[in-house]
Amino acid sequence: MALAFSAESSRKIAEILPRYPNKQAALLQVLHVAQGQFGHVGADVQELVAETLELPPAHVWGVVTFYTMYHRESVGKNVLMVCTNISCMLRGAEDILGHVEKKLGVKPGETTADGMFTLVEEECLAACADAPMMICGDKYFMRLDTGKVDTALDELRKHPRSEH
Ligand code: FES
């Protein structure tokens, strides 16, 4: 059976489209809805979005591959993004990332065997003043040390921050 948007996603898309001057301008929002429904925006989902918005699939691919917030494969219940850009790096981000890797037993780009965490090494997340930091969904964990990472991981295990 061909992939299709659910009634709920279709309703959301119908609400989104009138807010934009054309369908192409609504792409980011529609991708967000698609990821919410399917858990990722892999090739088949991109095709559905392209069809829905009457856009070339290559355009959708270009946008999906540009933004790290879109996942092309299934991800864990928590997508943990650890910033290792300059401000965070200067304040120990490599150690933070190493600690997260050790605690979760995965490298960036991998998902834990229990499906609880996907780890992503991220560029600047615009919270340099509170470096080193990481985010999960809309939750920011800032001025990290290894103890704060442990607390954050415990919290996320109990209350996953996934958008889907
Ligand atoms: S460099 Fe990490 S938030 Fe900006």
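Considering (1) charged (D, E, K, R); (2) without any contact (Cβ under 8 Å) to a residue 60 or more places away in the chain; (3) closer than 30 Å to Lys148 by Cα, say which one Lys77 fails and leave the rest.
(2)
Search segment 74-110 for residues being over 17 Å from Ala152 (Cα atoms) and among the polar types (S, T, N, Q), and hand back the single one that is farthest from the ligand (Cβ to nearest atom).
Ser74
Is there any pair with a first residue in segment 4-20 that is closer than 15 Å to Gly36 by Cα and at pLDDT 95 or above and a second that is surrounded by 14 or more Cβ atoms within 10 Å (Cβ to Cβ) and among the polar types (S, T, N, Q) whose Cβ atoms are under 6 Å apart and which are 6 or more apart or on different chains, and what are they?
Within 6 Å, the pairs are Ser6/Gln37; Ser9/Gln37; Ile16/Gln29.
State whether one or more residues within segment 141-158 are under 23 Å from His32 (Cβ atoms) and either touching a Phe, Trp or Tyr at 6+ places or on another chain (Cβ under 7 Å) or more than 15 Å from the ligand (Cβ to nearest atom) (or both).
Checked against the condition, which is being under 23 Å from His32 (Cβ atoms) and either touching a Phe, Trp or Tyr at 6+ places or on another chain (Cβ under 7 Å) or more than 15 Å from the ligand (Cβ to nearest atom) (or both), segment 141-158 yields at least one hit.
For the condition more than 15 Å from the ligand (Cβ to nearest atom), under 13 Å from the mean Cα position of the chain (by Cα) and closer than 12 Å to Val82 by Cα, what is the one hit in Leu125, Leu119?
Exactly one of Leu125, Leu119 is more than 15 Å from the ligand (Cβ to nearest atom), under 13 Å from the mean Cα position of the chain (by Cα) and closer than 12 Å to Val82 by Cα, namely Leu119.
Among the residues of segment 22-63, write down those that are over 22 Å from Glu8 (Cα atoms) and either small (Gly, Ala, Ser) or not in a loop (DSSP other than H, G, I, E, B) (or both).
The answer is Pro57, Ala58, His59, Trp61, Gly62, Val63.
So, in segment 1-21, of the ones that are assigned to a loop (DSSP other than H, G, I, E, B) and of a type outside the set (Gly, Ala, Ser), which residue ends up farthest from Tyr67 (Cα to Cα)?
Checking each candidate, the answer is Met1.
Could you please find all residues in segment 145-162 being loosely packed, with under 15 Cβ neighbours inside 10 Å and among the acidic types (Asp, Glu)?
Scanning segment 145-162 gives Asp145, Asp150, Asp154.
The values are calculated or read from the model by the stated rules, or taken from the named source; none is laboratory data. A quick note: this is a predicted structure, and the numbers were derived from the prediction, not measured. Cβ: placed from backbone, ideal geometry, glycine included. Neighbour counts: every protein chain shown.
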